Structures are given as C-alpha cells and as structure tokens.
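Only the coordinates and a few stated rules stand behind these numbers; no lab work does. Keep in mind the model is a prediction, meaning the values are calculated, not measured. Virtual Cβ from ideal backbone geometry, glycine too; neighbours counted across all protein chains shown.
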Amino acid sequence: MFFWQKTKKNAPQPRGLDDLNPSLEINLHWLKADILASDETIVYRRFKTSGAKARDCVLVYADNMVKHEFLSQFVLRPMMQSSPPKHLRGEELIRYLSANVIESDGSELVARYGEIGDKIMNGVAVLLVDGCPLGIAVDAKGWPKRAVTEPPSESVVRGPRTGFSEDLGVNISLVRLKLSSPNFKTRFLYVGTQTKTKVAILYLDNVTSLDLVEEVARRIDAIEIDAVLDSGYIQEMIRDAPYSPFPTIGHTERPDVAAAKILEGRVAVLVDGSPFALTVPYLLVEAFQVNEDYYNQWMVGSFHRLIRYISYFITTSTPAIYIALISYHPQLIPTNLVVSISASRKNVPFPGIVEVILMGLVFEILREGGVRLPRPIGQAISIVGAIVLGEAAVSASLVSAPMIIVVGVTGVAGFVNPALNDIAVLIRLLFVFLAAGLGLYGYVFGTIAIVLLLSSMESFGVPYLSTMTTIRPQDIKDTVVRVPWWQMRLRPRYLATKDRQRLQRRTGSKGP
Amino acid sequence: MREHVPDDQGMILVLLFVVGNTLVFGLGGVAGPDIWLAFLTATVMALPMILLMARVRSLMQGAALYSGLEQVFGKWPSRGLALVYALYAWRLSCFVVSDVSNFVQAIALPNTPKVVVASILALLMLWAAKEGVEVLARFAVVMSKVVFAVLLVTFILLLSVANPAEFLPVMYDGAKPVFLGAFQLLDFPFLEVVVLFWVFDCFSSKRSPFKVFVPGFLSAALILLVMTSTSLAVVGADRYSVFYFPIWTAVSRINVSTMRLEAIVGVTFAIGSFLKMAVCLLAASRCVTYAFGFSDYRFVVTPLALAVIPGSQWLITTLMEVEKSAIKTYPTSATIYQVVLPVVFWVVAEIRVAKARHQGKGG
Amino acid sequence: MVGLVILVYAAVAAFELWLWAERPWQKVLLYLVLFAGATTLAVLPVLNPDLKVPEPLGFLEKLLKRLWQKGGSV
Amino acid sequence: MRRGFPRLLSLLLVTALLTGCWDHIEIEALEFAFGLGVDQVEPDYVVVVEMVKTSGGGQQAEVEPLVLATKGKSVSAAGRSLSNPAGLRAFWPHAYVFLMSEQVAREGIVPAVENIVRSRYIRSTVWVFITKDCTAEEVFKSKPPAANSVSEHLNAIALMQETISGFIPLQVWQLSQAFAAEGIAAILPTVKLVHEQGDLVPIVEGTAVFKGDRMVGWLDGHESDILCLLKGIIQRCYFVIDTKVGENEFFPITYELVGNRVEIKPQDKDGKLSVSIALDLHFSVEEMGRAPYSFRDEAFARSVQAQLATAFTHWIREFLSKTQQEYNADILGFGQLVRRKEPQVWRRLGENWDVHFRDLPVDLEVKCKVTMAGLSSEPLRVRE
C-alpha cells in the first residue's frame, strides 16, 4: 500500500545482537569500529577506580545529550572514589557497582552492543568496566529543551497558557495535571524501525470504550515506517477515509484541549518529539469548536461558534454563488445591485469564472508568501500585495470591483477556521466550476456531493457527522451553539460508552 | 453486513422522502379551496396502509430484510414481489429525476439539455445508493435541517401575503373534488412510501418500524398540508391549479425588500428530490438483487442508475407530461403497487406468522 | 451518436468490472444483463424519438375506467 | 478504501465534461428592461420598452434610460425584436412596470397581458397601470424629476401608496387573480401626465374599472380613496371637509384617515339578498385653519364625528351607485363574498349576477371617530 514499506531495511547490524566481551579493549574496539563508528560526538571517558586493585573503566556517552554535571557528580566521582572488594569479578562486580556506588536514580544493566548503541543515542551514558561482560546504563538524559510556552497556533484570550513542547514525558505530565485521577491511563508503543519513537496513548478508562483504545493501538502497531519525526506521520498512517480531504484525526497543541477531548471519551496520542497531540475519533463539529467557547460565557461562546459556521459557508460558497448569480441568474440579484455590477463589469475582458480563479490564485499566492517569509516581511508583502494589486487591477479594468470584495471576503472568512481552511480552497474550486457550468443548481449538486462525502465518512467507527445527524436534544447541545455547562449533563453518547454522567444532577451552582 | 438506521434518522428519511419532490408541485389542485380537507382525508386514508407496512416489518421480528421476508412469506413469493417492486421503484426514480430536470429547465436553465442535469443527478444518486441506507439517512438528517429552515422562513413570509378567505366556501361543489384530490395525494406522494419498505435493512426493535414510519409520514403530511394550503391562499384558489409550480409561484410573490426567495425553494426541491431518487434507486437495486438471490446489492446500482438517465427522458418528455404524471398519474398501477399487493402480503404474513406461532406452541 | 452512447456505457461497465475485487460469474452475468438493458434503453429513444412507453397494465386501466363509468361516479 | 477515490474522480470528470455553458450569460452584455408598455393591439401590437443603459466600469457607474418603440405580431415578438436596435440583449426579470393605453384597455386587455402572466422572464410582481389621455410611449418619454427612469419613478410611487393615496397599486398576479375569480371585477390604477416646471411628469391617480377584461370607466382620485376605504386597504389619505361649527359657520378642516375597519356581510332574508357594510373609521385632525374650536369640547367632537359620518355615507352612496348602476362592475367583490359566505345563494343568483348586482340593496353603517388631534388640543389663537 505504501511504497516505503518495501524499502524497509532488514539487514541486521553485524554486532548488534552480540553479547559484550569481558575485555574492555575489545568492547571499545567494537563500539568504535562498528556500532558507533564514524561518530565524533561520542565521548569515551577513561578513568580508574581507587583502592588497591584499580579497575579500568570507560564512560561512553554522546556529547550534549547528557547532563554533564550529573555524570561527574553522581557517576564519575563515586566511581573514582570507590574501591570495590578485590574478589569481585565480572557480573558480580557490575552488580556491586550498580548497587553500591552509582548514585543515579535510573540505571540498568546492558549486555549487548546493540543495546548500548540505542541507549547512547537516547542520551544514556554507559559505563563499561574491564573484565565485565555487562555495562551499566545510567540515565542522564539532558538535551536542550524548549520551555513550556503558549502555543503559537492556538492562542487564546481567556484560558490556560500552557502548550505542549517536544518532550513526551513533559507532555504527558501536562495532561496528567489536568486529569489527576487514577482512571487516567497511558500506554506506550514504539514506532519507527530507525527512530523507535515513543508513542503514548492517553485515555480515561472509565469513560472511553476499550475497543477504541485497542483499535488505536492496533493501527499504530501496524505502522511500519523508518522514522516518525512528528505526529503528522502517525496521523496520516492511521486515519480513516484517506482519500477524503477532510481531517479525520484532530490535533492540538494545548493540554487543556487534549484533556477536554479525553474527558469526552476520546483517545489522545502523543508522539515523542512532537508538540502536537492527536485526538481520535475526530468529528466535523470539532473543527468548529474552540476551547475558548467553553471558557467564555456560553452565549458569547455560542455566538462565536455560529460566526465560525457562517464564515465557513462564506469562504466555501461566496465565489460560486457570485458566479452563479452573475452568469446564470441575474434575476435573483436586487435590481440596483445588478445594474451596478453590470456597469462595473462593462470593460472587464474576462468572464466571471476567469476572474474568480485569477483572483483566488493571487490571494493564495499572497497568503503562502506571507506564511513562509519571516514575519515582518511577510506582513508587508500581504498588505502591499493586497492593497496595491487590488486597487491597480480594478483601475486597469482587469477585474471588476465586486470581485475584489468577493475574493477578499472569501479569504478573510477562511482564516476563521484554520483547521478546515486548506480544504476550503478545494471545495471552493469544485463549487466554482459547478456553478460556472450549471448555475445555482450546479452549486447545489456540489453541496449534495460534499454532504454525501461527509455522511459516508467515519472516524474510528464513529460517523463523521455524528452530532449533526441526530435530532435527539442531548446530542445537539454542543454543536452549532454551546448550551451552558449545567445543561450538558451527559457526555456525548457516540463517544463515551461507559460513564455518561458529566454532571451530577444536583451540582452546578444555578441549574435552572 | 447489516445496515442499521437509528429510529430518529429513519423518521427523517421517511419525512424527506414524502416531502421530497412534492414541494413545488400543485398537489390536490382539483379540490380547489378544499385542499386542506383533501389533505386530511388523504392522510386518514393513507394511515392504515402505513401502519400495515410497519406491521409487516414488525412481524419480521427485527430480522434483516431478506431473511425476514423469506421467513414470513417464503422464498419464491417474496422474490417475485421484489421483482415487481424493482420495476416500480426504478420507474419512480425515473419520474423524480425527470421532475427535477424539467423543473430546472423551466425555471433556471432553459437552454441546457435535460440529459445533462439528469446525468449529473444519476451520477450523484449512484454514489449515494452505493453508500447505503445508513449514509442516506445521515444525509437526510443533515439536509433536513436546511429544508426545514427554508420551509419555516418561506412559510412565515407567505403568511404575510396569504388570504385566508381563499378557503371559502367550504365544499362548494360537494365532497367529490375533495375525494378526487385525496386520491391524487394518496397516489403521489403519500403511498409512494411503499418503496421505503425495501430500503430499511433492519430495525432496532419490534416497535421501531412504527416509530419510523408513522411519525415520519404524519409530519410529512402536516408539512405538505401547511405549505400547500398557504400557497393556495397566496396564489388564489382559482389560479392554484393553473400553475405548474404553485408553491414556487407563491414564493416568487414575496417581496422581502428586493430579495428574491424562489431560488431557495428551488434548491430545497432539488435536495428533497435527490434524496427521493437515491432512495428509489437503492430500493430498486435491492429488489433486483434479492429477486436473483444475491445478498449484496451494490454491484447492480451502476447499471440501474445509468438506465435511469434514458428512462427519465423517455418516460416523461415535457413539462406538460410531468404535470400529468404528478397529478393524474397512473391510477391502476398505483392501486396495485400501493394498495392491493401490500394488503395481500400483509394478510399472508399475518396468517403465516400466526400459524408458525401456533405450531411453535404445539411442538 | 448511437455508437458513442454504446461506447460510453461499455466503457463504464468495463471500468467498474475492473474495479471489482472478485468476479463470481452469477454477479457478472446479472450485471451485464442489466447493463445491456440500460444501453438498449439509452439507444432506443435515440433511434426512434417517438417510441411509445409500453403500458403493461393498460388493459386493466381500460377495464377499470369502464367500471368507474358504469358505477357513475368520477 | 479503494472505492472512494474512483467515485470522486468520476464525479469530477463527468461534471467537468458535462457542464457546458448552455445558459451562460455575461451580465455586462445585458440591457435591463425596466418597463414595458402596450399602446395598441389591433391590427399590430405597438410595444414600448424602457431599458437602462449602464456604462462606466471601474469605480463610477452610470445609468441612463433608453426608450424604444416597435410594432410586432405579439408582445413578446415585438419585445424580442427590440434587441436588434438596442444592440444588447434585453433582460426582463427586473421589469418594474407594465403600462397599457386606454385604447388597449377599452378593447380588452387579455391579449396584452397574457404574455406577462405566462412569461418565465417577467416576474408576476410587475405593477400594472393604464395610461389615461396619453400613450405608454409618451409616459416613458416623460421626465420624472427624481428617479433615473420612468419605471423606477412609477415603482416608487406604487410603493408609497399608503401616504400618496388616490389609487390602488396592483401587480400582475393580483390582476390575474381578479380575472380568474368569480364575482369580482378587476381594477387597475391609472397613470397620467401633468406639467411640472415645463416638463411632463407622470403621476398615478385614479382607477380604471373593468368588466371582464374590458375597461368600462374611470374613478377619479377621490373615488379611488373611497374604494380603498371599502376594500379595507390601509391608506392614510387626507380629506378636507367644510365642517360646520357653532351656529352656521363653516371651516375647512383637514382630517387624516388613520384607521379603517370594514365588515361587508351578505345577508339573505326571505330569499332577498342584501349586503351590509359596516365601516369603522378613525381620523386624526391635521389642520383646522381658522376654526376656533377645541377637541376638548365633547359636543364639538361629537358633532364633527356625526358630520364625518354623513359625508362618508354620502360619498359611499355615490360611489356605490356609480359602480352598480353606471358601470355595473362588481369591483368590491360582493359576488365573491356571497359565494364564499352564502354559497347556497350564489348557486341561485350566480348565473346572472350582473342583473342582481345592479339593484343589490346595500345597508350602510358608518361610524367615525376622531382619535388624535395633533399635539395641541387648542386651535392657534391670535390675540387681537
């Protein structure tokens, strides 16, 4: 199915599975010549223990992946000062050192070259002692980390400021801080034949259906890929409806959002090295929900949400409806308007559809340019481009003035729903073509097609339109509007299969 | 693979199916000012048939359609029945496609060949029918919200120009026009619900056929009654039957400043009709495959849908014939499909089920 | 025109058959029969624009009409 | 997952291939027809069209009216043939008004109106007028002071009927409804030209009365107001009545009609049909001139109300005799009312309603009430 599966490397590392040799020199030779060959960031720190029978030791680690003070203070110093009993040999000696000398909290014994290689790559220092066929892996991970900051892609006015960072452990703890309950479970999986990236599945075991958790785990396990550099890889590999442009897996940079989704019965997937948590199942309504809806007063939140739906309608449909109206149904435009549109199009050489596509293209180019360029220049580009080009195009009679408004409104409305904005471009194009061919009825046929596509989609067994395809009052309380919290007594039924009670009946300060 | 439609979605499916392509046509025009009486009469007359259908489905004890049919009627009779209904459903689907393509041509696109609209519709319904009844039901619920919103707005606006005196005098020409109107309504659209018998695969409980069919049908009847009567009160009882599309005409008289609303009604009509034709196609495919003993129906959808394109152009060619088919129709075949066969099979089913129960007790 | 119609229908049929995962002969047979029917239906009206719609129940209709008229109502 | 993709692809492909642009029009190539007039039906149709020409492009749009007249075998044929001299395609759905000359109206308006009722292109909300003492062409060629075109001018007037008064605006669909209904005769408002600052300006005043589709007579502005009153149409018209105050002094006082409730009931007593009209009129006093009286004076108020009732009874009687005896056209729809309320009677009399209508006794009961007197209760007093 995916071509990279075929290029999977199945030639094993020559020495990877071999056991360590008692001789330190041989071990070092193999490490330098094979496992860790041609890697100049690896540090081999030679030293000796004290006492009558000083032993030769080497501490191997990758530079900048470890905490150097920690190693000096809790491994090197006690080792150098220690004098292990003379009679200890081999494995016994290693066990003694691990138990009595090394002061680190995370240490384990390693026996194979391959293991040593993996550990060192992950920021673990390995201590080898002459005469022992085992090494001690000391957990001294310490690489440069980003602080927990406010996520740039999902900023809020009201709400917590924390965002995920690239460290899996930190991320899990951020979610756990929100959901400090023994029901909160995590499960680890490792993905990537090269990277062995750690992936965590987070859920609440009294809310989420275990089938869902199993399904997620099964799909992640089935991934065979060399590397996972971001959660985006996993997102694309485990999603439903891969040919549909609509997202079927959600992602967020915010622990509060992840926690809220888990509380509704979803499963969150965190990937080491990625500040984006994935949440499944993902429904269409979620694209229109923003965490601030829940933090603000409910009427305000509902209004903003309504605006988001309307904007999406505007951004996908305005050009198509405009085209349909001016090229097929001028009778439907109010008389004054139709006269002025007609007048403003008098000297424009192109038909409406060419104008729409031309201007739409220019808009997308400006946007892309603005995104990729460094921020200050980007802004200048978009402003200059938009104002100068628009104005000049109208006075040069290349496009008509109403078209500038249509394209402008379309573009601006698109920014309201970042999650669906990329797809909006595709939908818009489809609608524009259909409207250019059959007028409003073409647009309607396009809408029917899109709704059909959406109705046929599922995300992890849950219909994609779930909350929109029901007329049960409880299930539509959190869709187009958000009713107040005291009204949302139950969790959504299509997700939370076990404990549906969100609100105890008598709690909540002012139930009506 | 069992396809299971939740009761509420099923109800909306029934509702939209009935309302579907009916919305713009001048139904029950013969009844004149007594149109509301015709609607009530037709509803009362249709209700036993709807109950009967629900009852037969309920006798199947929640079994899936195919196995349930064999269990209740026996293998060969039910297959024969399926073949007969395949023809009916397919023809109905052709009619609806032709309604829409004629409507679109008359209202908006006079120079566009009807085949083009019919082909696009056929393609869309092919897709929809292949996705199955679950997806169709979801589609129905999503779209129903648009349809309801449009209907509500147009209804309120129509009220402002409606003249209630148009309903007077009551029964000036006696009960005959009322009954004539009611018979028309029974045939199209009320009893076309028989098609839906073949569409639902299985129900969640013994009672849910009733929960799906009865409220769905009743609310559809109510919506049609309200919309049709209101537009009659706008257009005028004397002019109502003159127009091909009275509701559309009525809406075109609303002036909300300078906004023109009739396009929205046309759009609603297209959506409802689309659902209806897709459901009919689905039913036709299921009947055909069942008649030939296949459990999967999806593979015959494409040829049937492609047959609808010429079918819709051939069976009905002009707008004038659309009216004929919508209002005068084919009373004989309608009676057979909509009344005679269902009644016969209901009786058979009752007898067989009772017998089986008796034997069960005896054994 | 006729050739084009037949060509298009045949192409669609071939394309869809190619998409099938497995092709048991019963299914293929029914599929092809139905497709042939559809093609005929598409071709006939092109060949003969005045093709009448068959009314298999026409005799019943006439009978019924006579009965209605005898009954005096309608 | 293999099936979703080809389906979407084929959908796109087919729609792209199939959607030609048979009905595609470019909006800038259209010329919007705002008004249509028919001046003559026999032997050839004489049709006038008012269009607007748009020009400009860029920021400032300009709109100019353009009036073209032509002859043809039918309204639509003539209308279509106008595209040739205009050089642009006439676009009808935005038409505001439809005018017919008196000659057409006298000969029967069905041949002129039929096209409008049937047309897909012309909306049924077009205003219909009869031109009095002038042709439609003259009306379209006149110069309205404010609006861009005559059609917009007439449309604006029709929309302001409630305050302008003196006519009842009608749209095509209402006309066709009146034609189709039993027991009601059609009416149409009339347009005439008046001199205003050296220009001819079209105004709407009065009503043309029809019997069947032929015009049988006129009602002037005042009679139209009475008609309006009796039809229950809200119209805030002014009535200046010489009101008797005190001993034998008469002062012209201006009253504004602020509310009219009408109840028209057919009554069938012993096989004798009559119609009773109960009117409940509310007035506000707009202007009293030199009349030195205050509406705080109850006796005065009562006398004024009584005088109003007398005046209106008189006017209505005159109006009724004009419609019943002179025109014999049931423009108030008594017949329709009888049919709706007393279907049994209608069965008996409907056949030759004309005859019955001519001598139909009408009971009239007019109640008048002055409910407002502006902001001051006292008249303007001048100290001598």
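The table for this structure:
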| read-out | value |
| --- | --- |
| Above-threshold pairs, the threshold being 32 Å between Cα atoms, out of B:K114/B:K176; D:K272/D:K367; A:K498/B:K206; B:K206/B:K276 | B:K114/B:K176 |
| Cα-only Debye scattering, segment D:63-217: base-10 log of I(q)/I(0) at q = 0.11, 0.12, 0.20 Å⁻¹ | -0.42, -0.50, -1.46 |
| DSSP loop GluC sites (Glu not before Pro) with at most 13 other Cβ within 10 Å: longest gap in chain A | A:225-512 |
| Note, ³J(HN,Hα) from phi for segment B:162-176, Karplus 6.51, -1.76, 1.60, rounded to Hz, x at Gly and Pro | 6, 10, x, 5, 5, 7, 9, x, 6, 6, 5, 9, x, 7, 4 |
| Residues B:N255 and C:V2, FRET efficiency given R0 of 45 Å [Cβ-Cβ distance, rounded to 0.05] | 0.35 |
| Net charge contributed by nearby residues that have their C-beta within less than 10 Å of B:L92 (K/R +1, D/E -1) | +1 |
| Cα principal axis extents for chain D, largest first, Å | 91, 64, 63 |
| A:R45-A:S153 FRET efficiency (beta carbon distance; Förster radius 41 Å; 0.05 resolution) | 0.45 |
| Those lysines that a straight Cα-Cα span of less than 23 Å connects to A:K86, excepting residues fewer than 8 apart in one chain | A:K48, A:K53 |
| Reachable lysines from C:K62, criterion Cα separation under 18 angstrom, eight or more residues apart if same chain | B:K324, B:K328, C:K52, C:K70 |
| Residues whose placed amide H lies under 5 Å from that of D:E286, excluding near-sequence neighbours | D:T254, D:Y255, D:E256 |
| Environment charge of D:S151, counting only residues whose C-beta is closer than 14 Å and scoring Lys/Arg +1, Asp/Glu -1 | -1 |
| Cut-off under 5 Å, modelled amide H: who pairs with D:I184 long-range | D:Q336 |
| Placed amide H near A:G163: partners under 5 Å, 5+ positions off or other chain | A:T149 |
| Within segment A:63-78, backbone nitrogen closer than 19 Å to the virtual label 7 Å beyond the Cα of A:N100 toward Cβ | A:74-78 |
| Per-selection Rg to Rh, segment A:63-175 - Cα, Kirkwood hydrodynamic radius | 1.16 |
| Cleavage-rule hits, trypsin sites (Lys or Arg not before Pro), segment D:285-331, DSSP coil, Cβ neighbours within 10 Å at most 16 | D:R290, D:R296 |
| Simple spin-label estimate for A:T186 and C:R23 in nanometres, 7 Å along Cα-Cβ | 5.4 |
| Cut-off 11 Å between beta-carbons: net charge of the residues surrounding D:D268, Lys and Arg +1, Asp and Glu -1 | +3 |
| Rounded to whole Hz, the Karplus (6.51, -1.76, 1.60) HN-Hα couplings of segment D:78-89, x for glycine and proline | 5, x, 5, 5, 6, 4, 5, x, 6, x, 9, 7 |
| For residues of D:364-375, the mean tally of beta carbons on other chains within 10 Å | 0 |
| ³J(HN,Hα) computed for each position of segment C:14-31 - Karplus, 6.51 cos²θ - 1.76 cosθ + 1.60, integer Hz, glycine/proline x | 5, 4, 6, 4, 4, 6, 4, 6, 9, 10, x, 5, 4, 5, 4, 4, 4, 4 |
| Shielding score for D:301-309, defined as the mean number of other chain Cβ atoms within 10 Å | 0 |
| Loop chymotrypsin sites (Phe, Trp or Tyr not before Pro), segment A:412-487 (other Cβ atoms within 10 Å of the site Cβ: 12 or fewer; DSSP) | A:F415 |
| 24 Å Cα-Cα reach of D:K192 towards lysines, excluding residues that sit fewer than 8 places from it in its own chain | D:K71, D:K132, D:K141, D:K143, D:K211, D:K231, D:K322 |
| Pair-distance profile P(r), taking every C-alpha pair of chain B, with 20 angstrom steps and integer % | 31, 57, 12, 0 |
| When the convex hull of its Cα atoms is projected in every direction, mean area for segment D:39-126 (nm²) | 6.3 |
| Net length gained if the chain between D:Q103 and D:K272 were fully extended (0.36 nm per residue, minus Cα distance) | 56.9 nm |
| Within segment B:154-225, trypsin sites (Lys or Arg not before Pro) in DSSP loop having at most 16 other beta-carbon neighbours inside 10 Å | B:K206, B:R207 |
| Rg [Å, one decimal], Dmax [Å, integer] - the protein assembly as shown, C-alpha atoms | 40.7, 147 |
| Using alpha-carbon coordinates, inclination of helix A:335-344 to the longest axis of chain A, degrees | 70 |
| Isotropic mean projected area of the C-alpha convex hull, segment A:3-139 (nm²) | 8.8 |
